[in-house]
Amino acid sequence: MTDSPQAEAKAAPFRRRAEITFASIGLAGAVVLQGGFAMLITRSDEETLLTGVVPALRDNGVQISAAEADVALNTLAAWFGYALVLVALLWAVGVFFAHHRPRSRATGWWFAGAGIACLLGTQLLLYPIAFFFFVAAALFAVRKPTPRRTP
């Protein structure tokens with residue numbers, strides 16, 4: 001007697017737990033660093049920016065004048081914030097497809113897109129965070145799903 005297709009799917013599950021874990025670590029890092037920077041800058045007044053953030057930037061080699069600091073930092077914070085939203089959307093689509101179609105290797109492209117958005121959205125500053133998204137995408141390409149049993 002042969003099993004039904006639903007019984008076969010339950011008998012040989014294939015999960016993308018490692019891929020989702022790496023991508024989730026990447027998203028958590030992006031939320032903390034990108035979102036933290038965006039929130040810090042947008043919630044600070046001009047005096048706090050001039051006394052706290054601008055001297056810290058100057059100590060790290062960024063030449064920024066006091067006159068253009070407010071506009072430049074708020075623009076950068078908005079760029080980081082929009083990029084974070086894009087990264088989160090691409091992560092969510094990737095996780096959705098990883099859960100619903102774990103045998104498809106094309107799902108890795110969503111995580112690669114999240115890594116590229118993280119890189120470009122932070123102007124290549126968060127390459128260690130984007131690395132997690134690229135590892136997740138690479139695991140989709142490398143890990144082969146276990147074959148389904150045929151009756």
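The values are calculated or read from the model by the stated rules, or taken from the named source; none is laboratory data. Quick caveat: nothing in here was measured; it's all calculated off a predicted structure. Note that we place each Cβ from the backbone using ideal geometry, even for glycine, and neighbour counts take in every protein chain shown.
Structure above, values below:
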| item | result |
| --- | --- |
| Residues located in the stretch 40-56, provided they are without any contact (Cβ under 8 Å) to a residue 12 or more places away in the chain and either touching a Phe, Trp or Tyr at 6+ places or on another chain (Cβ under 9 Å) or closer than 21 Å to Ala83 by Cβ (or both) | Arg43, Ser44 |
| Hey, Leu139 closer than 30 Å to Val54 by Cα and in contact with a helix residue (DSSP H, G or I) (Cβ under 8 Å, 6 or more places away or on another chain) or not | no |
| Residues of the stretch 57-101 satisfying the condition of being without any contact (Cβ under 8 Å) to a residue 60 or more places away in the chain and among the aromatic types (Phe, Trp, Tyr) | Trp79, Phe80, Tyr82, Phe96, Phe97 |
| Test: residue in the stretch 134-141 that is closer than 16 Å to Arg16 by Cβ, modelled with pLDDT of 90 or more and β-branched (Val, Ile, Thr) | yes |
| Condition check for Thr51: loosely packed, with under 13 Cβ neighbours inside 10 Å, out of contact with any His (no Cβ under 8 Å at 6 or more places or on another chain) and in a helix (DSSP H, G or I) | yes |
| Matching residues, the stretch 59-71, being exposed (fewer than 12 other Cβ atoms within 10 Å of the Cβ) and in a helix (DSSP H, G or I) | Asp59, Ala66, Ala67, Glu68, Val71 |
| Residue tally, condition within 10 Å of Val87 (Cβ to Cβ), small (Gly, Ala, Ser) and touching a residue at least 24 places away in the same chain (Cβ under 8 Å), over the stretch 102-135 | 5 |
| Options Leu86, Leu126, Leu90, Leu76: the member that is at pLDDT 95 or above, closer than 13 Å to Gln34 by Cβ and surrounded by 14 or more Cβ atoms within 10 Å (Cβ to Cβ) | Leu86 |
| Residue check, Val87 hydrophobic (A, V, I, L, M, F, W, C) and more than 9 Å from the chain's Cα centre (by Cα) | no |
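For every residue, the table says whether it meets (1) under 30 Å from Asp45 (Cα atoms); (2) hydrophobic (A, V, I, L, M, F, W, C).
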site	(1), (2)
Ala67	yes, yes
Tyr82	yes, no
Ser104	no, no
Thr107	no, no
Trp110	no, yes
Ile116	no, yes
